[in-house]
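Chemist: I have a structure I would like to understand better, so I am pasting it below and will then ask my questions one at a time.
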Amino acid sequence: MLFGETTTFAIEAMSEPGLVAPSAVWGRLRIWCQGVALGDFSEAHCGLPSGQFDQLRSNISSSWLEEFHGLTDEQLFDALDRLLYGYSQGVEVADERANEQLRRDGDRYARFEFLTNWGEMFDRAGKSFIFCPDGSTVKILNGSDGSVPLRTLKTSVGCIQEACDGYAAWLEQETVRLK
């Protein structure tokens, strides 16, 4: 099933064939933005995320902080990679922050994580961060280990919300079907 448009933003999902009730919904998933696929659709029998897409749908239009103004995409990606994962330009860096500061930074910046740790299908998709600098335009920054150029993908809040709504309704139908 495809929810949205691959040229703007879409969630592509399927249940694994042959699932018999009672069962959880196991399947495959990937994200499309501007014709670029993020995620490995050949990764079978994955748990399909739901809460992450619910939060994305609800919070995307306010996903921005004033401190990000003036940063290039590369600077923004690097800052969040350092704050959340302890890496800068693909290299692990020493972190002198106390545990309390690490927790505060995690609370403050985790909302910009996108797809990272959302499921096995995204394990090889690199790190992604998502922002909405103006309340309507969404920017996804996707990079890996610093050796591959950073990808900047753009879409709209409406495209994301529409895809999330379709995916949530389908996942609910599949959950009921497999109860």
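The values are calculated or read from the model by the stated rules, or taken from the named source; none is laboratory data. Since we're looking at a predicted model, the values are computed, not measured. Note: ideal-geometry Cβ built from the backbone for every residue, glycine included; neighbour counts use all protein chains shown. In case anyone asks, the SASA skips ligands and DNA or RNA and just uses the protein heavy atoms, side chains included. Shrake-Rupley method; radii C 1.70, N 1.55, O 1.52, S 1.80 Å.
Chemist: In the chain, what percent of the accessible surface is made up of carbon and sulfur (1.4 Å probe, ligands and nucleic acids excluded)?
Modeler: Exposed carbon and sulfur together represent 50 percent of the surface.
Chemist: Here is a follow-up. How many percent of all Cα-Cα pairs in the range 19-94 sit more than 15 Å apart?
Modeler: Beyond 15 Å sits 74 percent of the P(r) for the range 19-94.
Chemist: In degrees, nearest 10, range 0 to 90: what is the angle between the Cα axis of helix 99-109 and the longest Cα principal axis of the chain?
Modeler: Approximately 60 degrees, to the nearest ten.
Chemist: In what sequence, highest mean first, do 106-112, 35-41 appear when ranked by Cβ atoms within 10 angstrom?
Modeler: Put in order of decreasing packing, that is 35-41, 106-112.
Chemist: Give, in nm to one decimal, the length gained when the segment between VAL93 and TRP64 is fully stretched (0.36 nm per residue of separation minus the Cα-Cα distance).
Modeler: My answer for the length gained is 7.9 nm.
Chemist: May I ask for the Kirkwood hydrodynamic radius of the range 1-141, worked out over all distinct Cα pairs and given in angstroms to one decimal?
Modeler: Taking the inverse mean of 1/r over all distinct Cα pairs, the range 1-141 comes out at 16.6 Å.
Chemist: Length gain on complete extension for the stretch GLN75 to ARG108, per 0.36 nm per residue less the alpha carbon to alpha carbon distance?
Modeler: Extending this stretch completely gives an extra 10.1 nm.
Chemist: Between ASP105, ASP78, ASP123, which gets the highest mean-square fluctuation from a Gaussian network model of the chain, Cα cutoff 10 Å?
Modeler: Evaluated over the chain, the most mobile residue of the options is ASP105.
Chemist: Then there is this: Quickly work out the SER50-to-THR175 label distance, labels modelled 7 Å from Cα along the C-beta direction, and quote it in nm with one decimal.
Modeler: 0.1
Chemist: Of THR72, THR155, THR116, which is the most mobile in a GNM of the chain whose springs link Cα atoms less than 10 angstrom apart?
Modeler: THR72
Chemist: Considering the dipole of the range 1-104 built from charges on the beta carbon (Lys and Arg +1, Asp and Glu -1) around the Cα centre, which of SER61, PRO49, ALA98 is farthest to its positive end?
Modeler: The listed residue farthest towards the positive side: PRO49.
Chemist: Express the relative contact order of the chain as a whole percentage, based on alpha carbon pairs under 8 Å and six or more residues apart in sequence.
Modeler: This gives 28 percent for the chain.
Chemist: Can you give me the distance in nm between label points at GLU100 and THR6, each placed 7 Å from the Cα along the Cα-to-Cβ direction?
Modeler: 5.2
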